[in-house]
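Before any comments, here is the structure.
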Amino acid sequence: MNRRWVGFTAAWVGIAALHAPLQAASEMRSADLARWTPLGSVVALPRGGALNAAAEGEVTLLRRQPAPVPPRRPAPLRRLRKGTISLGAQVSYGFVRGSSELNDHFDHGLGYAFRFRYMLSQSSALGFSFENHRYGSRVEPNPQPLLPSDSTLVMTTVSAEGVFFFHRERELTPYLLAGLGYASPNVEYDAKESRRVNEGPYAVVGAGVERFVRARISLDVSLRGYAQVGNSELSMFSQVSAGIHLYPGD
């Protein structure tokens, strides 16, 4: 009987001695896992508890991924933005036509223009033009009524125009325009004298094309026709213009 109790006691002591190192190893593995797990991480342990996971090394770390950020859309080209103000300058060559006194005495000449545009949308703009044209006298034997051969017609105009673009996103952009303005024709003489003739409103229509050599710089070529009424006479002008257009901004 005593031998049986001695055997049970020895077996119980052996089991206790074997369980203590395993429990200590499990606690050390748990401490190491807590030490090396980043903040905000989720630790997934397989079924069977921390002891089995530490013994088999099957610990999976699932890191939290940041929320996806949609890519930022690139800003549109400056010429496509509503509210863009652009500046341009052109030189021109024009002709006088019609049935007025101006057509009877003057023929063709050079001029210049400054043009401003305000973009109303991606394909339309409100334009303003300030122009100055000089037309020389016709070479005729006996002009009627008689005017000095050294006279020059100086035409100063200001107008507002609607400009309509096609394929504005491309480097080659055609456009149409139409508008109204006011003209002040002056006949100047070499004797430092001048007189104003046929002052009045006019309408303008035209077409052109812009060729962008840089994102904010273009070559601008246009063909325009003018119909001006003054002193109950109709004067008509046509001109071809070429220059540059700038789109300043950010």
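The values are calculated or read from the model by the stated rules, or taken from the named source; none is laboratory data. Predicted model, so just to flag it, every value in this text is computed and none were measured. Positions of Cβ are backbone-derived with ideal geometry, glycine not excepted, and every protein chain shown enters the neighbour counts.
Condition first: over 25 Å from ARG79 (Cβ atoms) and either of a type in the set (D, E, K, R) or assigned by TED's automatic domain parsing to the domain that holds THR84 (or both). Can you find one or more residues in the stretch 206-217 that meet it?
Going residue by residue through the stretch 206-217, those that are over 25 Å from ARG79 (Cβ atoms) are none.
Scanning the stretch 206-217, I find no residue that is over 25 Å from ARG79 (Cβ atoms) and either of a type in the set (D, E, K, R) or assigned by TED's automatic domain parsing to the domain that holds THR84 (or both), so the answer is no.
Do any strands (runs of 3 or more DSSP E) entirely within the stretch 183-250 hold 2 or more residues that are of a type outside the set (Ser, Thr, Tyr) and touching a residue at least 24 places away in the same chain (Cβ under 8 Å), and if so, which? Before you say what the answer is, go through the steps one by one.
Values: elements: 194-196, 200-214, 217-230, 233-246.
So the answer is 200-214, 217-230, 233-246.
Taking the residues in the stretch 220-250 that are more than 19 Å from ASP104 (Cα to Cα) and crowded, with 17+ Cβ neighbours inside 10 Å as candidates, determine which candidate is farthest from the chain's Cα centre (by Cα).
Keep residues of the stretch 220-250 that are more than 19 Å from ASP104 (Cα to Cα), which gives 220-224, 240-250.
Subset that is crowded, with 17+ Cβ neighbours inside 10 Å: 220, 222, 224, 241, 243, 245, 247.
On the way: ASP220: 17, SER222: 22, ARG224: 26, SER241: 25, GLY243: 21, HIS245: 14, TYR247: 9 Å.
Restricting to residues being more than 19 Å from ASP104 (Cα to Cα) and crowded, with 17+ Cβ neighbours inside 10 Å, the top hit is ARG224.
Take the conditions surrounded by 15 or more Cβ atoms within 10 Å (Cβ to Cβ), of a type outside the set (A, V, I, L, M, F, W, C) and modelled with pLDDT under 95 and apply them to GLU101. Does it pass? First the steps, then the outcome.
Values: surrounded by 15 or more Cβ atoms within 10 Å (Cβ to Cβ): yes; of a type outside the set (A, V, I, L, M, F, W, C): yes; modelled with pLDDT under 95: yes.
So GLU101 passes the test.
Mind listing whichever residues of the stretch 110-127 are more than 18 Å from GLY249 (Cβ to Cβ) and either at pLDDT 95 or above or outside the structural domain of VAL187 (by TED's automatic domain parsing) (or both)? Outline the logic, then answer.
To start, the set of residues in the stretch 110-127 that are more than 18 Å from GLY249 (Cβ to Cβ) comprises 110-114, 123-124.
The answer is LEU110, GLY111, TYR112, ALA113, PHE114.
I'm told ILE217 meets every condition in (1) surrounded by 15 or more Cβ atoms within 10 Å (Cβ to Cβ); (2) of a type in the set (A, V, I, L, M); (3) closer than 17 Å to ILE85 by Cβ except one. Can you identify the failing condition by its number?
All conditions pass for ILE217, except number (1).
Somewhere in the stretch 105-114, is a residue within 36 Å of the chain's Cα centre (by Cα) and free of Cβ contacts under 8 Å to residues at least 24 places away in the same chain? So that I can check it myself, show each step before the final result.
Filtering the stretch 105-114 for residues within 36 Å of the chain's Cα centre (by Cα) gives 110-114.
Now drop any that are not free of Cβ contacts under 8 Å to residues at least 24 places away in the same chain, which leaves 112.
Scanning the stretch 105-114 turns up at least one residue that is within 36 Å of the chain's Cα centre (by Cα) and free of Cβ contacts under 8 Å to residues at least 24 places away in the same chain.
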